[in-house]
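Following: one structure in structure tokens, then a few remarks.
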Amino acid sequence: MTFFLLASATSWGDRLTALSGFHQVCLLLAIGLLVWDTIEVGRNDAANLVNAVFGARIISRRLAIYLAGLAVICGATLGSSVVDTARKGIFDPTTLGSLDAALSIYVSVYIVDTVLLYGYSAFGMPVSTTACLVFELLGAALAINMDSVHWNKAGIVMLGIVCSIILSGFASFVIQRAARGAIRTRPTHLPTLLLHGGWIGGGMCAGLCYFLLLKGMKSITWVKAFKVWLQQIDEYVEMGVGSAIVFLILWGVFAIFIHLSLVVFRKRAAKLLFPSLAILGMLAMAFAFGQNDLANCASPGLASISLLETQSLEIGTKVPIATWMLFACGLLLFAGMTTQNAERVTKAAVATGSMGDHVALWAPNWCVNLATSLLRFRGKEPALSPRATITSTGKTVHYDSLRACVIMAVSASVIATASSLSLPVSTTYVAFAAVVATGLADRIFQRGDAELKLGRSIWVVTSWGLSALIAIIATFLVATAINQFQVIGIIAALLTNFVLRRFLKRRADRQAKRVEEEAYERIYPERFALEEDE
């Protein structure tokens, strides 16, 4: 083994010295920025994985991160098909004419992506790493060669993102309203769960199993064999209902299992039913995230390494990605999930959909004013969600376990389906749509800081559009500079990156402190007035 490692190191050393100066810099940057950008993606998208479980205070955030991290690593190891779509599906590297042009695109994407994601994470803003990647690739490709862009594929990816938002929002609203109508504010009440717990929990489990296994893990041998069997059933009955039959059978099996558990274990099972389903949904979503969002950070770096190793645009884009590389990227995603900025994104995402009256959030005045105008048309109906409670440690419970289940189950199912189609969709968009839609179903905007929460939602959606505009313009400029000036262009872009990161961190820290103070003033106006007098 030692000899093999030394031989590999010697081989790579020989290859490195044989490269030109620009190619050496690009190789080092591809490796370094791959690590950096993967951490940034994990940092921002961590909120999408644990916000529901954390907001419902089912388990601690640290434990949720560790459990979700394991699922992310497993999903990333099986995420090669989505990575292929991102590394050569948006544009065709073989039409660029030179290796330098392709490397300029991939490096510029990383330089812009790292500072863009860092800025959004620092301000606690969830941003679509998928949309950023797509628009960054488009901007860089337009700067080098407009004819290299696969407009049809880019359009399909963007359409998939839009459809995933609509599907997630619609499904979340309908399922949450139906579940809330049955359960009301008693998610641990045994008589209520004996009536409705089986079909609600069974449907969620069936959806997770169907979409995660048959859709998201279709490359596994036994799953392939099972899908062939389903196709044979469809051909036999000539109605194409094989998948529907499997889904209904799964639903029935899980419903019976849950009902029997409630009958046997009574109050203990009633207390654990929805919290357990929420954790299961979190694991499923984390697995789907690892499969799908790995493309947003790994594809540019892995593509650059393949191109430099083969020195061929034609061969480099077809080199299969080693499993150990995908596994290593999964570890880096997990590392990003444990950072301070990831916690800031989580808390802000949870507060946006909170059923509590007062939240610590920030939104521009125009967003709050627009939200105030929109809320004038709301009816007089009372909120359906229970009042927020405080745990023994003084933490606010922002969601109940029923709503956490719906958010996780719908989000995981939508993302797993996209992964099965090799489409990199936005975990951020899907999860945020589920949070807002379940909040609308529960009428959380009927009381408390409704204007601020809705204003924050408007600001988040607006910022998504701004991120796409920034991504395409910034990578166009950076790719042009690198393609024209090579190493000098890289140095200038990196310096700009570092300066912007420092500036954004200072602004974000000041804003976070101000938001906490304003929330404290709203919650304890008398105490704040007393402190002012003193």
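The values are calculated or read from the model by the stated rules, or taken from the named source; none is laboratory data. All values reported here derive from a predicted model rather than from experimental measurement. Here the Cβ is made from the backbone with ideal geometry for all residues, glycine too, and neighbour counts use every protein chain on show.
Details
- Checked against (1) crowded, with 21+ Cβ neighbours inside 10 Å; (2) of a type in the set (A, V, I, L, M, F, W, C); (3) within 30 Å of residue 119 (Cβ to Cβ), residue 370 meets all criteria but (1).
- Residue within segment 465-481 that is in contact (Cβ under 8 Å) with a residue 40 or more places away in the chain, in a helix (DSSP H, G or I) and under 17 Å from residue 166 (Cα atoms) present: no
- Filter pass, residue 201 being farther than 17 Å from residue 300 by Cα, small (Gly, Ala, Ser) and buried (at least 18 other Cβ atoms within 10 Å of the Cβ): yes
- Output for segment 141-170, where each listed residue is in a helix (DSSP H, G or I), in contact with a Phe, Trp or Tyr (Cβ under 7 Å, 6 or more places away or on another chain) and of a type in the set (A, V, I, L, M): 141, 142, 143, 161, 165
- Exactly one residue out of 191, 187 is over 30 Å from residue 101 (Cα atoms), of a type outside the set (D, E, K, R) and not in a helix (DSSP H, G or I), and it is 187.
- Filter pass, residue 458 being farther than 19 Å from residue 139 by Cβ and at pLDDT 90 or above: yes
- So residue 63, is it modelled with pLDDT of 90 or more, under 16 Å from the mean Cα position of the chain (by Cα) and not charged (D, E, K, R): no
- Subset of segment 499-513 that is of a type in the set (A, V, I, L, M, F, W, C) and under 26 Å from the mean Cα position of the chain (by Cα) - its residue that is surrounded by the fewest Cβ atoms within 10 Å (Cβ to Cβ): 503
- Residue under evaluation residue 378, criteria (1) loosely packed, with under 15 Cβ neighbours inside 10 Å; (2) part of a loop (DSSP other than H, G, I, E, B); (3) out of contact with any helix residue (DSSP H, G or I) (no Cβ under 9 Å at 6 or more places or on another chain), criterion not met: (3)
- Residue match in segment 157-179 (condition: over 29 Å from the mean Cα position of the chain (by Cα), modelled with pLDDT under 95 and more than 19 Å from residue 282 (Cβ to Cβ)): no
- Neighbours by Cβ (under 7 Å, 6+ apart or cross-chain): first from segment 63-75, touching a residue at least 60 places away in the same chain (Cβ under 8 Å) and farther than 13 Å from residue 291 by Cα; second surrounded by fewer than 21 Cβ atoms within 10 Å (Cβ to Cβ) and among the acidic types (Asp, Glu): none
- Test result for residue 85, modelled with pLDDT under 75, under 24 Å from the mean Cα position of the chain (by Cα) and either in a helix (DSSP H, G or I) or under 30 Å from residue 485 (Cβ atoms) (or both): yes
- Within segment 435-469, if we keep just the residues that are among the basic types (Lys, Arg) and surrounded by fewer than 22 Cβ atoms within 10 Å (Cβ to Cβ), the residue that is farthest from residue 363 (Cα to Cα) turns out to be 443.
- Taking segment 6-60 as the range and being surrounded by fewer than 24 Cβ atoms within 10 Å (Cβ to Cβ), of a type outside the set (Val, Ile, Thr), assigned to a helix (DSSP H, G or I) and modelled with pLDDT under 85 as the test, the residues that pass are 6, 7, 8, 9, 11, 12, 13, 14, 15, 16, 18, 21.
- Residue 351 vs. criteria within 30 Å of residue 209 (Cα to Cα), surrounded by 17 or more Cβ atoms within 10 Å (Cβ to Cβ), in contact with a Leu (Cβ under 8 Å, 6 or more places away or on another chain) and at pLDDT 85 or above: yes
- Screening the candidates 346, 393, 323, 339 for the property of being polar (S, T, N, Q), surrounded by 24 or more Cβ atoms within 10 Å (Cβ to Cβ) and over 20 Å from residue 175 (Cα atoms) yields one hit, 346.
- Members of segment 146-198 that are among the basic types (Lys, Arg) and more than 26 Å from residue 272 (Cβ to Cβ): 153
- Selection within segment 127-153 - small (Gly, Ala, Ser) and either surrounded by fewer than 24 Cβ atoms within 10 Å (Cβ to Cβ) or within 15 Å of residue 483 (Cβ to Cβ) (or both): 131, 139, 140, 141, 143, 148
- Flag for residue 442 being among the charged types (D, E, K, R), under 24 Å from residue 371 (Cβ atoms) and touching a Ser or Thr at 6+ places or on another chain (Cβ under 6 Å): yes
- Contact annotation: residue pairs with Cβ atoms under 8 Å, 6 or more positions apart or on different chains, pairing a residue in segment 361-376 that is farther than 10 Å from residue 457 by Cβ with a partner that is of a type in the set (Phe, Trp, Tyr) and in a helix (DSSP H, G or I), are 364/459; 375/445.
- Restricting 456, 501, 506, 447 to residues that are of a type in the set (Lys, Arg) and free of Cβ contacts under 8 Å to residues at least 60 places away in the same chain narrows the list to 506.
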